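Below you'll find the structure, written out as structure tokens, and then a few comments.
Laboratory data are not the source of any read-out in this text; all were calculated from the coordinates shown. Everything numeric here is computed off the predicted structure, so don't read it as measured data. Cβ sites come from the backbone with ideal geometry, for glycine too, and all protein chains shown count toward neighbours.
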Amino acid sequence: MMNNSNEISHQTKLFGYIGENAGVSRFSAVINKMFKANADDVMMIPMNIREDDLYFTISNMKKSHVNGVVISNEYVNDILEILDDASSMVKRTGMCDIIFKEGEKLRGDVFSTRVLTEYLKDIRASKIAVIGVQPHAKSFSFLSCGFNVSYYNENLEELMAFTQEVEIQDADINRCASGMSLDLSNFDAVLDFSDFNSLEMIEKLPAFNFDMKNTKEFSALKKRADELNARYISYDDMIEELTKKAYKEITK
């Protein structure tokens, strides 16, 4: 059991929260409250890691006292080659947001997309617009059973290849590009997993708009949502749900 002064003993299991600005995120503080409330001898430490140091830091986990790490959103697509083992979701999408050390091997998995799908169910969203073909979009597509999903991308050939890769039959595919005029207000939610610098082609947004970026990352969706007076939900806005899921994964 962790003592009241939050001191780390030789038996304490250490986990890291890795991000470029991990220290300003509430993630570690919130999950540490859960560990303490449940008398778990576990602690998560925020680790501010630059992109240039990411490979070195995670590779060295194999010889360290750290039992695993949660990866902040900006790095989830940069992890695959560091892993020794990975879940099928990681292998199929190329993204990884949680790593466990098993002996001297690192095993990667995905948990944040599952949190997003449960959040969408909780708000009773069923008709979803997904923008982009990045790994987050792949991950969501594999978990999208029960949702009515329409896909948007600048390049339709790329989008068709994406839908084939994630094995979607008769996908509703649509072009989304600069100079167009798009009304997405008939959807329950928009998920932006694109690399657009601007979403000014969107004239109307629905009640809920997500992109899983943290507050230190530039968000074209947040900018457009602010302009259209629509609700935007970031990674940090879902910290409570994300930490609950991470807690279950770490303590199971």
- request: For n ≥ 4 DSSP H runs only, could you compute -39500 (n - 2.57) per run for the chain, divide by its residues and tell me the 222 nm figure to the nearest 500?
  value: -8000 deg cm²/dmol
- request: Could you work out the mean projected area of the convex hull around the alpha carbons of the range 125-171, in square nanometres to one decimal?
  value: 3.0 nm²
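Using packing as a proxy for protection, rank 168-174, 234-240 so that the peptide with the highest average count of other Cβ atoms within 10 Å comes first.
Packing order, densest peptide first, comes out as 234-240, 168-174.
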- prompt: Expressed as an acute angle from 0 to 90° and rounded to the nearest 10, what is the orientation of the C-alpha long axis of helix 239-251 relative to the principal long axis of the chain?
  reply: 50 degrees
- prompt: Shape of the range 113-237 from its Cα gyration tensor (a ≥ b ≥ c, root eigenvalues): rounded if a/c is under 1.5, otherwise prolate when a/b > b/c, or oblate?
  reply: rounded
- prompt: Based on Cβ point charges of +1 for Lys and Arg and -1 for Asp and Glu, what charge dipole magnitude is obtained for the range 89-246 about its Cα centre, in debye rounded to the nearest 20?
  reply: 420 debye
- prompt: Shape of the range 1-136 from its Cα gyration tensor (a ≥ b ≥ c, root eigenvalues): rounded if a/c is under 1.5, otherwise prolate when a/b > b/c, or oblate?
  reply: oblate
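With only alpha-carbon atoms in the gyration tensor, what are the semi-axes of the equivalent ellipsoid for the chain, in Å, largest first? Walk me through the intermediate numbers first.
Numbers: eigenvalues 230, 75, 52 Å².
Each semi-axis is √(5λ); the values are 34, 19, 16 Å.
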query: Semi-axes of the range 145-209's equivalent ellipsoid from the Cα gyration tensor, sqrt of 5 times each eigenvalue, largest first, rounded to whole Å?
result: 20, 16, 10
- request: Sequence neighbours fewer than 8 away in the same chain don't count; with that in mind, list the aspartates and glutamates whose C-alpha is under 13 Å from LYS36.
  value: GLU7
message: Which entries of LYS63/LYS138; LYS101/LYS127; LYS62/LYS91; LYS33/LYS91 have Cα-Cα distances beyond 30 Å here?
response: LYS63/LYS138; LYS101/LYS127; LYS33/LYS91
query: How much of the DSSP beta bridge set in the chain is antiparallel, as a percent to the nearest 5?
result: 20 percent
